[in-house]
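Report on the structure given below.
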Amino acid sequence: MEDKMIVDLYWERSEAAIVETEKKYGKYCHTIAYRILHNEEDAKECVNDTYSAAWDAMPPHKPGRLSTLLGKLTRNIALNRYLHDHAEKRYAPTELILHEVEEILPDPVSEDTADEIALKDAINGFLASLPQQTRIIFVRRYWYLSSVKEIARDLGVKESSVKVILHRTRNQFKEYLEKEGINV
């Protein structure tokens, strides 16, 4: 089923929206949640919470890309779950990835919508400026939380190359945000 038809089902408040979302995006959402949580049952719960959050978001929101909305909802739900479950524990795989970027991202406490939009535009601008392979590596690591080993294997490059690219790209990203006037 096409995304527009699924969104229309949400707007009609039809329970078929959840069924169709599960068919088309269930595996996608589960992969995102599992990469963050590394626990099958927790990932399933997060995916179910994603469907509930999508139900609550539509209406009034009508997403341009349903996959983007579902990915963002799943990722945020799973990250919140992870942070809650690991508040006192340190250096699990997800914690290490988050630690890599925490010093270059602005303070997440800001609730200013204009700041969020500026950050979103800056991130999109930065990603658009990167060579394709660098962009893929950066997004795989920091959005999908893939391991360096997985990225290297999937792209057919050495792990050390992936690490160097990530290090350089993080530094470029920090400079880019500062140039855009976003305090890090």
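The values are calculated or read from the model by the stated rules, or taken from the named source; none is laboratory data. Because the structure is predicted, anything quoted here is derived from the model rather than measured. Cβ placement follows ideal geometry from the backbone for every residue including glycine, while neighbour counts extend to all protein chains displayed.
Things worth noting here:
- Checking the stated criteria, Pro106 turns out to be within 20 Å of Arg75 (Cβ to Cβ), modelled with pLDDT under 75, surrounded by 13 or more Cβ atoms within 10 Å (Cβ to Cβ) and more than 15 Å from the chain's Cα centre (by Cα).
- Filtering region 127-145 to residues that are more than 16 Å from His167 (Cβ to Cβ) and buried (at least 18 other Cβ atoms within 10 Å of the Cβ) leaves only Leu145.
- Region 1-50, residues that are among the aromatic types (Phe, Trp, Tyr), closer than 17 Å to Lys72 by Cα and buried (at least 21 other Cβ atoms within 10 Å of the Cβ): Tyr25
- Within region 15-51, the set of residues being modelled with pLDDT of 95 or more and of a type in the set (S, T, N, Q) comprises Thr21, Asn48, Thr50.
- Residue count for region 51-76, restricted to those that are in contact (Cβ under 8 Å) with a residue 60 or more places away in the chain, surrounded by 20 or more Cβ atoms within 10 Å (Cβ to Cβ) and polar (S, T, N, Q): 0
- Complete set of residues in region 118-132 that are under 13 Å from Gly181 (Cα atoms) and small (Gly, Ala, Ser): Ala118, Ala122
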